[in-house]
Amino acid sequence: MEQRVIKRVAAIHDLSGFGRASLTAIIPTLSSMGVQVCPLPTAILSNHTGGFDHYSFVDLTDTMEEYIDHWKRLNLTFDCIYSGFLGSVRQIEIVAGFLDHFGGEDTLAVVDPVMGDNGRLYSSMKPEITEEMKKLVGKADIITPNFTEAAFLLGEPYREEITDEEVKAWLLRLSEMGPRTVIITSVPGRRVTGRVQSEDTNVIAYDRPGNAFWKVGCRYIPAFYPGTGDTFTSVIIGSLLQGDSLPVAIDRGVQFISQCIKASYGFDYPRREGVLLEKELDILKMPAIMGSFEML
């Protein structure tokens, strides 16, 4: 029996040479939390696609199975399998097979069903990918769709406003697809303080084993940085592998991303490069500080 000192995550994502997104954000984030990252690249890009007009792209679909076969011969095991952006139905099928072989009771399966944002699918996404993604969601323990992706998975129209009770109904329906934990990010919200109304963005989650709903809110900052979703889910994974509870893990993810955005917002540089992750990574080595999570 292999004795593993360090927790190990198989990260199935694309690799972009420039821009803090996918593997270039996931690897430093999880490494800072004491977790070994074993990347399984789905594609190699010169830079990520958010905000850039041109990029080189190498599709690795045809090499993924040979890559995985070598891991099988090595008898590798993982504490977590974490998949993100998948560019084709074939890649989704390969990841499903990976989960079947390397998954199990002792392996946390996390699927971030990356498909779109702000009410729209990404230009590279075809309708059939959404249908196949539903099957992959069914193999996951935890899924982390943003509000747009949750709507597409459920066949619901995107909306600018939604009540907590409506989100809870969405969470239950998504959990019925298979995952025991559903975390929806970027849920629009409103906060009223006296006569002042401010815009919030919330993370709302459902934990089926505990039959509990959790909510973490934060003030909306009018800036978009690619890659924050990859980093957020990475912090949740690292936190859970460290032994934190689900609400604490979500809270740590929200606090860290909020801090990264605040630390980056004051600098004059192209936001398409992502948050200034390197300036804030040391925060992840500090003890968890309880924040604003609440039970719904």
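Excluding residues fewer than 8 places away in the same chain, name every one of the lysines whose C-alpha is closer than 19 Å to that of Lys7.
Qualifying lysines at Cα under 19 Å: Lys72, Lys285.
Using modelled amide H (1.01 Å from N, peptide plane; none on Pro or chain starts), what sits under 5 Å from the amide H of Thr185, excluding residues fewer than 5 places away?
Amide H neighbours of Thr185: Asn146, Phe147.
Rg to Rh for the stretch 29-90: what is it, with Cα atoms only and Rh by Kirkwood?
Using only Cα positions, Rg/Rh for the stretch 29-90 is 1.01.
So what's the angle, to the nearest 10 degrees on a 0 to 90 scale, between helix 164-175 and the longest Cα principal axis of the chain?
Roughly 10 degrees between the two axes.
Under 17 Å between alpha carbons, and skipping anything fewer than 8 positions from Lys126 in its own chain: which lysines qualify?
Lys134, Lys135
Mean 1/r over all different Cα pairs, inverted: what Kirkwood radius does the chain give, in Å?
When all Cα pairs of the chain are included, the Kirkwood radius is 19.4 Å.
Across the chain, where is the longest run that never hits chymotrypsin sites (Phe, Trp or Tyr not before Pro) in a DSSP loop with at most 13 other C-beta atoms within 10 Å?
With a cap of 13 other Cβ atoms within 10 Å, the longest stretch comes to 1-223.
Would you work out the Kirkwood radius for the stretch 5-46? I mean one over the mean of 1/r across all pairs of different Cα atoms, in Å.
Result for the stretch 5-46 stands at 10.4 Å.
Farthest toward the dipole's positive end in the stretch 145-296, which of Trp170, Val203, Val182, given Cβ charges of +1 (Lys, Arg) and -1 (Asp, Glu) about the Cα centre?
Towards the positive end, the residue furthest out is Val203.
Going through the stretch 96-195, which GluC sites (Glu not before Pro) have at most 13 other Cβ atoms within 10 Å and a DSSP loop state?
Glu105, Glu160, Glu161, Glu176
Could you tell me what percent of the DSSP beta bridges with both partners in the chain are antiparallel, to the nearest 5?
55 percent
Restrict the search to the stretch 1-79; then list the GluC sites (Glu not before Pro) that DSSP places in a loop and that have at most 16 other Cβ atoms within 10 Å of their Cβ.
When the GluC sites (Glu not before Pro) of the stretch 1-79 are filtered for loop state and at most 16 Cβ neighbours within 10 Å, Glu2 remain.
Over the chain, with a Gaussian network built from C-alpha contacts below 10 Å, which listed residue (Gly155, Gly138, Gly50) shows the highest mean-square fluctuation?
Top of the fluctuation ranking is Gly155.
Rg to Rh for the stretch 54-158: what is it, with Cα atoms only and Rh by Kirkwood?
On the Cα set of the stretch 54-158, Rg over Rh gives 0.99.
Within the chain, which is the longest segment that contains none of the trypsin sites (Lys or Arg not before Pro) sitting in a DSSP loop with at most 12 other Cβ atoms within 10 Å?
That would be 5-158.
Using the Cα centre of the chain as the reference point, and only Cβ charges (+1 on K/R, -1 on D/E), how large is the resulting charge dipole? Debye, rounded to the nearest 20.
Dipole about the Cα centre, nearest 20: 600 debye.
We did not get these values from a lab; they are worked out from the coordinates using the rules stated. Since the model is a prediction, treat every value here as computed from it, not as a measurement. Note that each Cβ is placed from the backbone with ideal geometry, even for glycine, and that neighbours are counted across all protein chains shown.
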